[in-house]
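Data block below; observations after.
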Amino acid sequence: MPPVIHADLCKKCCRCAEACQSDVFYGSIPGTVPAVTYPDECWHCNACVMECPAGAVELRIPMNLEPMYQERR
Amino acid sequence: MTLNTVHHESDLLVIGGGIAGLMTAIRAAELGLKVIVADKSNVRYSGAGATGNDHFQCYIPEYHGDDFNAWIEEFQTGQQATIRDIKFIRTWLSRSFEIVKLWDAWGIPMKYDGRWEFAGHGMPGDMLNHLHYAGKHQKRILENEARRRGAVIINRVMCVDLLKEGERVCGAVGISTRDDAVHVFRAGGVALGTGSAIRLYPGCTPSCLFNARLCPNCVGDGRAMAFRAGADMASLEIPVFRCGPVYFARAGKATWGGVLRDPQGTPVGPFVTRPDNRYGDPVVDVYQDIFMDYRDSARGPVYMDCTGLDREGVEYMTHWLENEGNCGILDFFKKEGLDIGSTPVEFRSYDRELSPRGGILYDENARTSLKGLYAAGDEFFGGISCAAVFGWVAGESAAQDIKALGNRPEASEPESLTLELLRAIRGRERDTRHATWQEANCAIQQIMGDYAGIPRSENMLKAGADNLERIARRARATLAAGNPHELARCAEVLNLLEVGALILHAARERRETRAKHIRKDFPFTNPHLNKLLVLRRENGETQVEWRAVRKR
């Protein structure tokens, strides 16, 4: 679901907003910390993370999308 | 609401800047055409190849041997046996190595450790034909190659209808996804590379429309446009589904090097008993219902278990998962403090998330049935390499045809019923009297999943077609968009409705069971129907044609 932007690291370049194929950051204005306007439209493709020059973006996988796994046998 | 109009002129308009679209743009531009690429996202990360892929199906003589004919014979009889004409298959695979070498030269690493590395998508003992390549930065590289040759890229514009002069396609109209503007493109021809129709069927987490195995922004835009313009469509009635991690939907099973095991650790298939990155576990390629069967017989769930891969093997697998854009799941396990090499990951079939086997019918020259219209990419099987090869071929065909055109006719006023409808949608108040695109999209998914899923029957398909038509009327009358982004989503919904109706129509016509088109009322495969089912719109009616496929 949502990209998480760490405002303390963000350079406000909005490269993440330009990269996003879903335009999750719709309405973001360069020079400000990007807005995560449509978190429900995130595909978790990682483009925003790849594009950020400051390591300020990470993806949080919401609970209902969490992969399931088996505890070690 | 007033929408400003922006006009564009080019020799070739490419709609969709995915792998296919960018390859078309690169080739057409280097052959001298003035090319515009219109993409509703950003070509740098748009489409199914957004942040990477790792398998490229191809024939490489120094690996497979020099006898292409013998190789293709085996290809045709193996698991890859297809519904496509032999001329198409031959063009695809005979030109695949040419593209591999080009991509390598452009900076997409096609070799691993200095060698051609074939792995995945094969049975032990079978010929392997999927080249492992490092596609993480492929879109940026292809974008740069297109720009270097002079192609103009217009991001955040979604084309909604093709324009025609007589029988010839000569452009498109679109809307900006970021501001209230209409874009009119005039061109000598149009190439469509808009991908599959992903948000048509419910995913494994229906509350999350964008949690899809493949790119959720590919929703059949090109198919809807092409069909409305009168192009032939084929094989829409044959559904395909795949498997992957439970809840976090993601394609790419073949990159996992583990063994599919039951909760007690027993392999569920007969082909591999120890993890092997060369093959992964191919049991689901031949037994797609295995996850459901295990669940329903109290033997599930089924896990992708990489335990037994050595450290080097885990690193090898992780390298390819990263290159295929699967970083989300890798990061999840990392943050959980879990080693993906020793944590069995639960897998399932995405058995409700169907996508049609076919789409816009194009030939071995990437030409469609309409003059001036080309198509490539996820219209049929073949993945990245099919997209890349036929994108390239589309560029060549377009260059040949468009250079031969004389003076183009004077452009008339663009006509687009879709655009008129979108103007009305944008003009409505975004309040609770009106519908959102999300509610329409969910309604479509419910109907497609319940009435055109697996299995099927005439009664259910007929009811589904009627239900979908009612939803379509409701959507046209009540959708509202609060901004240009929402307007583009509404346009996507209109396209999903168009493609959904086509699938229902085609599924009713194929009165037999074939692959996963399972008809309970026709539970047999009819050898006389081993043909392409082609649909086209003529004078407002959907026409049906059965067409033979030459396989030898």
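Every number in this text was worked out from the coordinates using simple rules, so none of it is lab data. Keep in mind the model is a prediction, meaning the values are calculated, not measured. Note that we place each Cβ from the backbone using ideal geometry, even for glycine, and neighbour counts take in every protein chain shown.
With no solvent and one point on each alpha carbon, what is the Debye value of log10 I(q)/I(0) for region B:1-138 at q = 0.12, 0.18, 0.19, 0.22 Å⁻¹? Result of the Debye calculation: -0.61, -1.15, -1.23, -1.41. Considering only B:Ser94, B:Pro61, B:Leu131, the residue lying farthest towards the positive end of the dipole of region B:54-134 is B:Ser94, judged by Cα position with unit charges set on Cβ. The alpha carbons of chain B stretch over 66, 53, 50 Å along the principal axes, in descending order.
Region B:54-134 gives an Rg/Rh value of 0.95, both radii derived from C-alpha positions and Rh following Kirkwood.
Among the GluC sites (Glu not before Pro) within region B:302-365, those in coil by DSSP and having at most 15 neighbouring Cβ atoms inside 10 Å are B:Glu336. Within region B:88-186, the GluC sites (Glu not before Pro) that combine a DSSP coil assignment with at most 11 other C-beta atoms in a 10 angstrom radius are B:Glu167.
Take every DSSP beta bridge with both residues inside the protein assembly as shown and express the antiparallel ones as a percent of the total, to the nearest 5. Write out the running numbers ahead of the final one.
Details: 47 of 73 bridges.
Restricted to the protein assembly as shown, the bridges split so that about 65 percent are antiparallel.
Work from the charge dipole of chain B (Cβ charges, +1 for Lys and Arg, -1 for Asp and Glu, about the Cα centre) and give the residue of B:Val43, B:Gly114, B:Ala249 farthest towards its positive end. Projecting each Cα onto the dipole axis, the largest value belongs to B:Val43. Annotation: lysines with alpha-carbon distance below 18 angstrom to B:Lys516 (same-chain offsets under eight excluded): B:Lys531.
Rounded to the nearest 5, what % of the DSSP beta bridges within chain B are antiparallel ones?
Details: 43 of 69 bridges.
Counting only bridges with both partners in chain B, antiparallel ones make up about 60 percent.
Listed as lacking a disulfide-compatible partner in chain A: A:Cys10, A:Cys13, A:Cys14, A:Cys20, A:Cys42, A:Cys45, A:Cys52, by the criterion of no other cysteine Cβ under 4.7 Å.
Please identify every one of the GluC sites (Glu not before Pro) in chain A that sits in a loop by DSSP and has no more than 10 other beta carbons within 10 Å of its own beta carbon. Provide the component values of the computation, followed by the final result.
Numbers: sites: A:Glu18, A:Glu41, A:Glu51, A:Glu58, A:Glu71; in loops: A:Glu71.
Hits after loop and neighbour filter: A:Glu71.
Under a model in which nothing but the beta-carbon of Lys, Arg (+1) and Asp, Glu (-1) is charged, region B:1-144 shows a dipole of about 520 debye around its Cα centre. What lysines does B:Lys334 reach when the alpha-carbon gap must be under 24 Å and sequence neighbours fewer than 8 apart in one chain are set aside? Leaving aside lysines fewer than 8 places away in the same chain, those within reach of B:Lys334 are B:Lys136, B:Lys253. Listed by chain and number, the lysines whose C-alpha is less than 16 Å from the C-alpha of B:Lys139, apart from same-chain residues fewer than 8 away, are B:Lys40. Taken as Cα centroids, region B:131-190 and region B:350-416 sit 12 Å apart, rounded to the nearest whole angstrom.
Angle between the Cα long axis of helix B:417-427 and the longest principal axis of chain B, 0 to 90 degrees, nearest 10? Around 90 degrees separate the two axes. Translational diffusion coefficient of chain A (Stokes-Einstein, Kirkwood radius from Cα pairs, 37 °C, 0.692 mPa s): 257 µm²/s. Under the convention that each Lys and Arg Cβ holds +1 and each Asp and Glu Cβ holds -1, the size of the dipole of the protein assembly as shown around its Cα centre is about 780 debye.
Name the shape class, rounded, prolate or oblate, that the alpha-carbon gyration tensor gives for region B:245-349, where a ≥ b ≥ c are the square roots of its eigenvalues, rounded holds for a/c under 1.5, and otherwise prolate holds if a/b is larger than b/c and oblate otherwise.
prolate
Each principal axis of the Cα atoms in the protein assembly as shown has its own extent, and those three values, largest first, are 68, 63, 53 angstrom. The equivalent ellipsoid of region B:136-295 has semi-axes of 40, 19, 16 Å, largest first, where each one is the square root of 5 times an eigenvalue of the Cα gyration tensor.
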